[in-house]
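The values are calculated or read from the model by the stated rules, or taken from the named source; none is laboratory data. Here the structure is a predicted model, which means the values were calculated and not measured. With ideal geometry, Cβ positions are generated from the backbone for all residues, glycine too; neighbour counts draw on all protein chains shown.
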Amino acid sequence: MEKTDIIKQVHDNEISLIRAVFMAPDGIIRAKAVTPYGLESLLASGVGLTSAQTSITVFDTLPPQSAYQPVGELRIIPDPSTFTILPYLQGHARMLSDLMTIEGEPWELCPRGLLKRTLRKLHEYGLIIQASFENEFTLYEQQGNAWFPFGKTPSFSSESIDQSSDFILGVITALKNQGVYVEKFYPESAPGQFELPICHQPGLSAADQQVVFRETLRGVALAHKKRVSLMPKPATNWAGNGCHIHFSLWDNNNRNVLYDRTDDYELSLIGHQFIAGILDHLDGLLAFTAPTTNSYKRFVKHGWASCYRCWGPDNREASIRLASSFSHAPEKTLNLEYRAADPTCNPYLAMAAVTLAGLSGIERKLELVPPVLSDPALLSLEERSKYRISVYPSTLEEALDSLEKDEYMTNAIGKNLTNEYLIMKRHEIETINTLSGDAEIDTYRFLF
Ligand code: GLU
Ligand code: MG
């Protein structure tokens, strides 16, 4: 959208606050808002932000080891093409933003900037990625002063579709009015748990959509006097909330290069190599796709969330499920599902990290291990070691250590970004460890 159109829309729709939403590596959706008096300046040169923000933790603390301190300035630069009037909050509009230096250069620690750089790299291979983040979440309602999960029905319960209708239709409509299209909806198995898969989009739009999705889910819940939790494992004995990343790779002729009709599983050589790259870097990748201490509680045996490093056709216990194609359009529908992600992930970092890991598989022409055709937890130790199937890191600390040791990932993401991320996340863990009671639940339940 042109800047003049934005100013007109703000005027015509009586918008009072326009927020410039940005996402630092911590994955929290943050924003600075301006009134119409500040709009021209926002559109011309953004709004200021401390350069320490990209090292600040979810607790709003700046780790003392960080290279960035209270002196230094960035600009939050809104992307006019993302301008949206919020359908669920009267008088508000939003733009998604990039973090830039005051000289107008992309800030090297900006996750949206990293994803743009990664997609350009993918483009050098003649490829674009189509992707969709498939969120599960827990809906809460208030009873007295406390919050409880909304309903408890079996998975895919038709009754639960009745019960949750007002809220869900509110979310679907609000998303549609922002150009985000929900494809499916179903209740899941844990108390208050639902899933809302949305239509895929090319790389950057897919990650942007995830921010809009999270914003809208939270905003509509608030309007319905409800709350939504994206916490990966709200309770030990409940199914976790995953955020599976579905994706496929396309060439300039609009051909899905993952598809090969002649392969046993319809998976091309590029597809094999891409999966091999992801599996090779998985332990470090988890630091981005499962970025909270709570994320590791979701990775349990037989939990349908995956906890063994492996892949398999339609295998919901594998890190990567090769999602079988639909008979009406096999080439268009064959896609990969990265299951080791949860909705606390920063979608820009997660998609960039998965793509960079996959590309390393293509660059090195990595050979892929055979697929796992059963629940990997049921395989013998010998079978697991034969196919190099290892169990995931069991804590965020271990995943961060793996990332630090992974030279390719560290360089591909950028040394500075990775270093600050490690410092920030380790500081977050330290803080959680000093808190008492249900510190983890209190920290993460309604944070993302
Ligand atoms: N809830 C599972 C997870 O944590 C996913 C279940 C499913 O396949 O939809 O990833
Ligand atoms: Mg599900």
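What is the residue count in the range 332-350 for residues that are crowded, with 24+ Cβ neighbours inside 10 Å and modelled with pLDDT under 95? Selection size over the range 332-350: 0.
Looking only at the range 192-239, residues that are part of a strand (DSSP E or B) and within 16 Å of ligand 1 (Cβ to nearest atom) come to 8 in all. What about Phe150, is it touching a residue at least 24 places away in the same chain (Cβ under 8 Å), in contact with a Leu (Cβ under 9 Å, 6 or more places away or on another chain) and buried (at least 21 other Cβ atoms within 10 Å of the Cβ)? Judged against the criteria, Phe150 is a match. Only a single item in (1) out of contact with any Phe, Trp or Tyr (no Cβ under 7 Å at 6 or more places or on another chain); (2) without any contact (Cβ under 8 Å) to a residue 60 or more places away in the chain; (3) of a type in the set (Ser, Thr, Tyr) is not met by Thr333, and it is number (1). Filter the range 308-322 down to the residues that are surrounded by fewer than 20 Cβ atoms within 10 Å (Cβ to Cβ) and either within 16 Å of ligand 2 (Cβ to nearest atom) or not in a strand (DSSP E or B) (or both) and list them by number. Answer for the range 308-322, where residues must be surrounded by fewer than 20 Cβ atoms within 10 Å (Cβ to Cβ) and either within 16 Å of ligand 2 (Cβ to nearest atom) or not in a strand (DSSP E or B) (or both): Asp314, Arg316. Restricting attention to the range 342-373, report how many residues are assigned to a loop (DSSP other than H, G, I, E, B) and either among the hydrophobic types (A, V, I, L, M, F, W, C) or in contact (Cβ under 8 Å) with a residue 24 or more places away in the chain (or both). Matching residues across the range 342-373 total 14.
Looking only at the range 1-16, filter to residues that are among the aliphatic types (A, V, I, L, M) and surrounded by fewer than 18 Cβ atoms within 10 Å (Cβ to Cβ); which one of those is farthest from Ile423 (Cα to Cα)? Show your work before the answer.
Keep residues of the range 1-16 that are among the aliphatic types (A, V, I, L, M), which gives 1, 6-7, 10, 15.
Next, from what is left, pick out any that are surrounded by fewer than 18 Cβ atoms within 10 Å (Cβ to Cβ): 1, 7.
On the way: Met1: 38, Ile7: 41 Å.
Residue satisfying both the conditions and the ranking: Ile7.
Among the residues of the range 134-187, how many are aromatic (Phe, Trp, Tyr), within 24 Å of Leu447 (Cβ to Cβ) and part of a loop (DSSP other than H, G, I, E, B)? Going through the range 134-187 one residue at a time, the tally reaches 1. If you go through the range 93-133 and keep only what is away from ligand 2 (no atom under 16 Å from the Cβ), of a type in the set (Phe, Trp, Tyr) and either crowded, with 19+ Cβ neighbours inside 10 Å or in a helix (DSSP H, G or I) (or both), you end up with just Trp107. Considering every residue within the range 336-345, establish whether at least one is within 16 Å of Asp263 (Cα to Cα) and away from ligand 1 (no atom under 15 Å from the Cβ). No; the residues of the range 336-345 include none that is within 16 Å of Asp263 (Cα to Cα) and away from ligand 1 (no atom under 15 Å from the Cβ).
Is it the case that Phe288 is aromatic (Phe, Trp, Tyr) and either in contact with a strand residue (DSSP E or B) (Cβ under 6 Å, 6 or more places away or on another chain) or assigned to a helix (DSSP H, G or I) (or both)? Give the steps one after another, and end with the answer.
Working: aromatic (Phe, Trp, Tyr): yes; either in contact with a strand residue (DSSP E or B) (Cβ under 6 Å, 6 or more places away or on another chain) or assigned to a helix (DSSP H, G or I) (or both): yes.
Here the answer is yes, as Phe288 does meet what is asked.
Looking across the range 178-191, the residues that are away from ligand 2 (no atom under 14 Å from the Cβ) and in contact (Cβ under 8 Å) with a residue 40 or more places away in the chain come down to Gln178, Gly179, Pro191.
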